[in-house]
1. What is the spin-label model distance, in nm, from residue 123 to residue 33 if the labels are put 7 Å beyond Cα along the C-beta direction?
2. Test of understanding: ordering 209, 69 by Cβ neighbours within 10 Å, fewest first, what list do you get?
3. How large is the dipole of the chain about the Cα centre if only Lys and Arg carry +1 and Asp and Glu carry -1, each at its Cβ, rounded to the nearest 20 debye?
4. Identify, among 191, 118, 83, the residue whose Cα sits farthest towards the positive end of the charge dipole of the chain, taking +1 on the Cβ of Lys and Arg and -1 on the Cβ of Asp and Glu, with the dipole about the Cα centre.
5. Determine, from the Cβ-Cβ distance of residue 271 and residue 159 and an R0 of 22 Å, the FRET efficiency 1/(1 + (r/R0)^6), rounded to the nearest 0.05.
6. Would you please classify the overall shape of the stretch 121-230 from the alpha carbon gyration tensor, given that a ≥ b ≥ c denote the square roots of the eigenvalues, rounded means a/c under 1.5, and beyond that prolate means a/b larger than b/c while oblate covers the rest?
7. What's the ranking of 70-83, 47-60 by average number of surrounding C-beta atoms within 10 Å, highest first?
8. For the stretch 139-218 and the stretch 101-118, write down the distance between their C-alpha centroids in whole Å.
Amino acid sequence: MESLKMSIFIFLLLLSACNNDGSPVDANDSSAYQITKNIIYNGVSVDLVIDKPEENEVDVLMVFHGTVRSDSEILQAAHNALGRFKGIIDRKDIMIVSVAYPQENLLFGDNVQYGEAALLWLKNNADSELGITVKKIFLAGHSQGGYLVTRLNTMHQTDGVIANAPGPLNLIFRCELEENGQIPGGRECMLLHNEYGSTSTNPDAYHERSLLNFTDGFKSGILFVQGLNDGPIQMYSWPRFKQQVESCTNCQSVKFLDLPGFGHGALFDSQLGRGEFNSFIGE
């Protein structure tokens with residue numbers, strides 16, 4: 001009977017660690033686990049999927065997923081992003097934190113506040129709330145997630161940033177195509193149009209939110225990975241983006257890895273991309 005009670009207790013303990021209740025994890029727990037945790041920093045609330053190794057002193061890779069159509073999908077997107085990055089990482093001693101940042105009904109780029117809240121929580125509160133010691137912090141993002149980590153690199157210092165196919169690079173170009181009916185309309189450009197009018201009447205407002213407007217002031221070293229067989233909208237502005245970043249005079253180290261024959265998921269699909277990623281985050 002005592003053995004049965006103990007088994008039930010252990011099962012309930014493990015189950016509670018997976019609940020999305022924001023409760024602290026036992027500071028003495030040196031086991032590996034994966035939980036979903038809601039955090040609040042400076043009044044901004046966001047869900048994180050946390051994948052912890054057995055070690056309690058850890059480097060952390062904070063990852064950001066790409067675009068989804070509805071906020072009902074962001075938690076699954078965060079799980080997917082965690083899985084994709086965990087699938088290419090060689091290190092087994094690193095903690096991965098995936099940010100379920102919102103997108104729906106927000107003007108494009110306004111969700112950077114959620115990424116910033118997650119990063120500052122990791123820097124300042126994770127040690128006490130998770131009972132761990134955070135050492136190095138790396139940021140990594142895919143697509144819109146790459147856009148966010150690039151912007152965060154202009155705001156806060158970390159130990160390095162990886163951006164795969166970051167974008168949108170050029171919202172003027174993209175939204176003008178939608179306005180002209182050359183490509184199907186999307187939520188992002190519709191919201192911008194409702195707020196600012198057309199790209200022809202108010203191009204500056206669109207440029208201010210484009211990644212082309214965030215090509216200097218990088219506070220940490222950054223690796224950009226881009227498949228050269230990506231979509232035409234991305235590739236239209238990629239040479240200009242790359243030129244602007246390489247001309248930066250107030251950036252930390254910048255490296256571009258252009259991969260012929262690969263598309264939007266080049267970092268995950270290319271052996272060379274995975275190798276550069278692992279070299280970047282080191283041992």
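1. With each label placed 7 Å out from Cα toward Cβ, I get 2.7 nm.
2. Values: 209 22, 69 10.
Lowest count first: 69, 209.
3. Working: 20 positive and 34 negative charges, 74 e Å.
In total the dipole reaches around 360 debye.
4. The Cα lying farthest towards the positive end belongs to 83.
5. Values: r = 24 Å, r/R0 = 1.10.
Once the sixth-power term is evaluated, E becomes 0.35.
6. Values: a/c = 2.55, a/b = 2.14, b/c = 1.19.
Prolate is the answer for the stretch 121-230, as a/c is 1.5 or above and a/b outweighs b/c.
7. Numbers: 70-83: 17.3, 47-60: 19.1.
Those peptides, ordered most packed to least, come out 47-60, 70-83.
8. Comparing the Cα centres of the stretch 139-218 and the stretch 101-118, I get a distance of 12 Å.
Computed from the coordinates by the stated procedures, all read-outs in this text should not be read as laboratory data. Keep in mind it's a predicted model, so treat the numbers as computed, not measured. Cβ sites come from the backbone with ideal geometry, for glycine too, and all protein chains shown count toward neighbours.
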